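Derivation of every value follows stated rules applied to the coordinates shown; laboratory data play no part. Just so you know, these numbers come straight off a predicted model, no measurement behind them. No Cβ is skipped: glycine too gets one built from the backbone with ideal geometry, and neighbour counts run over all protein chains shown.
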Amino acid sequence: MDGDPFFPASPAHYARQMAVGDGHVVYVEECAAVDGLPVLFLHGGPGSGCTPFQRRLFDPRHFHAILLDQRGCGRSQPLGALAANTTRHLVSDLEYVREALGIPAWIVFGGSWGSLLALAYAQTFPERVLGLVLRGIFLGSRAEIAAYVQGSHGTAPAAWKTFAGAVPAAERGDLLAAYARRILGDDPRTAGVAARAWLDYERALMGEPPLAAAPSAVQIAKARVQLHYLRRDCFLVPGQLLAGIDRVRHIPAAIVQGMADPVCPPAIAKTLYRAWPEATWRPVAGAGHGGMSPPIAGACIQALGWVAASVAG
């Protein structure tokens, strides 16, 4: 889809903080048509949080969109908290929010890390999922994480060289561990410097400029949550999501994948599609990772419309 695919900007009709347990309070907002077809939007990261611009993915005439900031990030509290913060906890939070809002079932739409969380939720509560839109597929495998951190995908060698150069040469064989020690350590200055390098690497892969200033508290929290998850294989058993496809095979699903995505390479999405040929495959030629880039966003909007029609039909 060329041009601007987005719907007009809209405010959240309702915004609230929900206490989900374990000392965590999760930010939840509802927008678009409050009496429309419910759609849960799951942000990436882990740790990124939602933005007002993401509301523009939803046709205000047809969808009741629910967006939330997952544990420890965005507007949720405590910011950067890692205790009781696992994939299982996040899945439970989604079900808590659904019940609290009185929604019998919903479409789940997630990109990047959000695609992983959407699959994990759907495989746990398939009866609560009307359909799935999955963008920029990430399955949380150790191989995916290593390829990203160690730069073995080879898509941005200059950015990776800068990223690797921010730690001593002796530690570059395991950059994930090196960054985890710094970002999750007790020295705020060291953590800030390392978080900036970590975030700038992701920004370079996304085609964005480096941070113009030291990372904010929200950005530090994002880096903390990411390292917390990635160094633990996203709290998944190896191969878990592919092994669970039979639980969701009957659910209408669309896989949207940028075919020039350097963060979540197309090979991962193709692996998912091979395991789940009943899903609709929607490749976007020449597109990268950014979920709000017009080509990817347009494909996601179209995919959401297709899933909604499948649910209605």
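Tabulated data for the structure shown
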{"quantity": "Calculated FRET efficiency for the pair residue 246/residue 162, C-beta based, R₀ 45 Å, to 0.05", "calculated": "0.55"}
{"quantity": "Point-to-point label distance, residue 15-residue 281, nm (Cα→Cβ direction, 7 Å offset)", "calculated": "4.1 nm"}
{"quantity": "Using distinct alpha-carbon pairs, which all enter the 1/r mean, Kirkwood radius of the chain in Å", "calculated": "19.6 Å"}
{"quantity": "Within a Gaussian network of the chain (alpha carbon springs, distance under 10 Å), most fluctuating of 212, 275, 254", "calculated": "212"}
{"quantity": "Student exercise, the chain dipole from Lys, Arg, Asp, Glu Cβ charges, in Debye to nearest 20", "calculated": "440 debye"}
{"quantity": "Residue order, fewest to most surrounding Cβ atoms within 10 angstrom, among 263, 39", "calculated": "263, 39"}
{"quantity": "Exposure proxy order (Cβ contacts within 10 Å, fewest to most) of 87, 280, 190", "calculated": "190, 280, 87"}
{"quantity": "Antiparallel %, DSSP beta bridges [both residues in the chain], to 5", "calculated": "35 percent"}
{"quantity": "Global geometry of the stretch 142-234, whether rounded, prolate or oblate, following the gyration tensor of its Cα atoms and the 1.5 cut on a/c", "calculated": "rounded"}
{"quantity": "Burial ordering of 270, 161, fewest other beta-carbon atoms within 10 Å first", "calculated": "161, 270"}
{"quantity": "Approximate spin-label separation residue 218-residue 172, in nm, with each point projected 7 Å along Cα-to-Cβ", "calculated": "3.4 nm"}
{"quantity": "Kyte-Doolittle mean at least -1.0, axial Cα span of 18 Å or more - DSSP H helices of the chain", "calculated": "87-101, 188-205, 217-230, 294-312"}
